[in-house]
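Notes to accompany the following structure.
The values are calculated or read from the model by the stated rules, or taken from the named source; none is laboratory data. Remember, predicted model here, so these are calculated numbers, not experimental data. Cβ: placed from backbone, ideal geometry, glycine included. Neighbour counts: every protein chain shown.
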Amino acid sequence: PPEFDAKKEALVPLLKKELKAHFHCHRTDDIFTAVRIAEEFDLDYVLIHCTEGHLIADDLAEIGAPVVNGPLMCTRTKPELANASDETPGILSKAGLKVAICTDYNVIPIWMLPITAGYAVREGMDYMEALRAITINAAQICGIADRVGSIQVGKDADLLVYSCDPLTLAAKPEMVFINGKQVK
C-alpha cells in the first residue's frame, strides 16, 4: 500500500463529495481556473469572493456555480481587487446565480453582515435577494439549510429580532433566540 500522506488524505472527502471545495478566486482568470479544476475532478464547489464575477455574470449563470461574494465596503488593498465592484452580488443574483454575501471576517466585522447586505441593495441588489444572501442562500451553499437559514418547524430556531429593517444602520437587535429559547 502507498505511504500515508495527510495532505492527499485531506482531499478524499472532496473527491467523495462529502465536502464542497471552496475556491477563493478574485480575477476572471482565477474564477475560470477554479471552475475548470472543479469540473475536471467532478467536485461540488463554491466560488468564494468571485470579485470580478460581475464581468462574467452570463458565463457564470451558464455554469450555475454558487457564489459567496464579499467583502463589500472595504479598501482595494490587493491587485486582485482592482476591478472589484460593490454591484457584484446584485449583478450575479440578477443573472440567476445563488449568491451569499460574506464579510470575510476579520476584514469586515461579522456584526456588519446585515449592513453589508443593505449596502448591496443600495448598489442594485434586490432587497429580498439580499436577505436570502445572508440567510437561506448562505445556509444552502454551506449545506446546512436543513437546520438554519429560514424559519420552519423542525429547524434550530436561531433568530434575531431587530428594532427595524435589519439591513439598515438604525437596526438594533432586540431579542436573540438560540434553539428556540430567548437568551439575554
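When you look at ARG122, is it surrounded by 19 or more Cβ atoms within 10 Å (Cβ to Cβ) and among the basic types (Lys, Arg), yes or no? Judged against the criteria, ARG122 is not a match.
Looking at ALA145, ALA170, just one residue is exposed (fewer than 15 other Cβ atoms within 10 Å of the Cβ), modelled with pLDDT of 95 or more, not in a helix (DSSP H, G or I) and not aromatic (Phe, Trp, Tyr), and that residue is ALA170.
Taken over the stretch 34-52, the criterion of being free of Cβ contacts under 8 Å to residues at least 40 places away in the same chain and crowded, with 17+ Cβ neighbours inside 10 Å is satisfied by ALA34, VAL35, ALA38, LEU43, TYR45, LEU47, THR51, GLU52.
Mind checking which residues of the stretch 72-121 are charged (D, E, K, R), over 24 Å from ILE136 (Cβ atoms) and not in a loop (DSSP other than H, G, I, E, B)? If the condition is that a residue be charged (D, E, K, R), over 24 Å from ILE136 (Cβ atoms) and not in a loop (DSSP other than H, G, I, E, B), then GLU80 is the only one that fits. Within the stretch 1-46, the set of residues being assigned to a helix (DSSP H, G or I), of a type in the set (Asp, Glu) and closer than 20 Å to ASP59 by Cβ comprises ASP29, ASP30, GLU39, GLU40. Can you tell me which residues in the stretch 94-118 are crowded, with 21+ Cβ neighbours inside 10 Å, farther than 24 Å from GLU62 by Cα, in contact (Cβ under 8 Å) with a residue 24 or more places away in the chain and in contact with a strand residue (DSSP E or B) (Cβ under 9 Å, 6 or more places away or on another chain)? Passing the criteria: PRO114, THR116, ALA117.
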